[in-house]
Each structure stands twice: as C-alpha cells, then as structure tokens.
Amino acid sequence: MTAEPPRAAATPRRSRKAETQQRDSATTARTGGRTPRLSYEDWVDGALALLAREGPSALRIPRLCAELGVTKGSFYWHFDDIGRLEEAMADHWITTQARVIADLAAVDSIPVEQRIEAMGALLVERNWLVEATVREWSRTRPQVADAVRELDRRIFQVIQSALAELGFDAEAARLRAGAMVYLGIGFIHGHDSLPTPTSEQINTVLALLTAPERS
C-alpha cells in the first residue's frame, strides 16, 4: 500500500475583523507608527500554551488577558469572540500536524529500516503535553476531532506501507501498524505517570513489532 500524499495545510480562517486588523498592523509597522502589543500569532500561541497547561476551561477572555498581560481591547483587536480564537488555535494545530505527516511521507526516499527508526524518533520529539491536551479538547470540538482522526489515519497508512515493504502480508501489516499507532497514542497519554522512553527504548519496541514472522 502506498501512503496518500499529505493534504495541503488549511489556511487559518480569520474573521473579517482580524484580517482588517492584520493589514492595518502591517501598514502601521511600515510607516513607523504604533502597533498592537500582541500579534494575531502571539494570541494563538499564548492560548495554545495556556490550553496545554490548564486545559479547555482556561480558554476565557479574562484569563487569557491576565496570562498575556494585556487588556480585552487587545483581544478584540484580532478576534470577534472566543470562538474565533478557538478556530484559529485549531487551524494552527492542524497546520502543525500536517508538517508531521509531511515529514513521515518524506522519509519514503530512505531504506525502510531507517524509516522505521525515523518514525520512532518522531514519537520522542513530538510535544506530548500539547498533543494530549488537544486530543482531550477534541472531545468537545468537532473540527479538532477531525484533525486528530486525520493525523492518526495518515500515520497508520505510512506505517502500514513501510511494514508491507518489509515483507509482511496485508493482514500482518495492518495489525502491526495498528499496534504501533496505539503505542504512540499511549506514549502521549501516559507520559505523566510512566517513565519517558528514550529513543533507544522506543526503537527496541519497534524492532519487536517489525521482526520477521517465524514460519
């Protein structure tokens, strides 16, 4: 099976107000005038960081303003309401995960054994705290849930394709790919209560899952 090419990352959706303010900010910067204290991206990054630390209940305008040290006026400069900020956060996360998928697809050019090692390295390098929180957030945000499902599906396809290249039949490749994807999800949700595995330990586990079947 050949993995599908990653879809182009969605362009973040901004309200008309946010788009206008962004253009005005750029113009003001070019002319040497004053600019808003925080940019659109500052708000999105700050909100994602707060989400990771305190969960979805912290995503309230007063709490965000206190966290970022600004007034509500700064928030409304960029967003019509908290829903628009949440859309921007989801879009940013989707774009980030699209890069992860692209990285997985890009390793098709190297030997399959090295590709498996690269997949293991990605498990260690991913921001587990943010991803675990986003996955929890997805329970109440359909757009985020769609992005999580798409990410898992794409990763599964890439792993299944690599296992097929190693010589596993379709059923064995499917079962082992599923085990590896669930392993990754388990790492994400268990990092607080279990020892964090090293790259070498992850590769040892992957070697067990990719070892040739005995006849």
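If residue 191 satisfies every condition in (1) within 16 Å of residue 120 (Cβ to Cβ); (2) crowded, with 16+ Cβ neighbours inside 10 Å but one, which is the exception?
Status for residue 191: all satisfied but (2).
Looking for something exposed (fewer than 15 other Cβ atoms within 10 Å of the Cβ), more than 30 Å from residue 163 (Cβ to Cβ) and at pLDDT 50 or above - is there at least one such residue anywhere in region 7-16?
Yes, there is a match, as at least one residue in region 7-16 is exposed (fewer than 15 other Cβ atoms within 10 Å of the Cβ), more than 30 Å from residue 163 (Cβ to Cβ) and at pLDDT 50 or above.
Pairs needed: first member in region 179-192, outside any helix (DSSP H, G or I); second member anywhere, open to solvent by 20 Å² or more (accessible area, probe 1.4 Å); C-beta distance under 7 Å; at least 6 residues apart or different chains.
Within 7 Å, the pairs are 191/128.
Which numbered condition trips up residue 215, out of (1) part of a loop (DSSP other than H, G, I, E, B); (2) modelled with pLDDT of 90 or more?
For residue 215, the exception is condition (2).
Right, residue 205: of a type in the set (A, V, I, L, M), buried (at least 18 other Cβ atoms within 10 Å of the Cβ) and at negative phi or not? Spell out how you get there, then give the answer.
Values: of a type in the set (A, V, I, L, M): yes; buried (at least 18 other Cβ atoms within 10 Å of the Cβ): no; at negative phi: yes.
In short, no.
Is it the case, given these coordinates, that residue 40 is under 30 Å from residue 154 (Cα atoms) and modelled with pLDDT of 90 or more?
Yes, satisfied.
Which condition number in (1) modelled with pLDDT of 85 or more; (2) assigned to a helix (DSSP H, G or I) is the one that residue 168 fails?
(2)
From the list 173, 162, 145, which residue is surrounded by 15 or more Cβ atoms within 10 Å (Cβ to Cβ) and under 18 Å from residue 93 (Cβ atoms)?
When all the criteria are applied, what remains is 145.
The values are calculated or read from the model by the stated rules, or taken from the named source; none is laboratory data. Only a predicted model underlies this, so the values are computations on that prediction, with no experimental measurement involved. All Cβ positions, glycine included, derive from the backbone under ideal geometry; neighbour counts span all protein chains shown. Please note that ligands, DNA and RNA were not included when accessible areas were found on the heavy atoms of the full protein model with its side chains. Shrake-Rupley method; radii C 1.70, N 1.55, O 1.52, S 1.80 Å.
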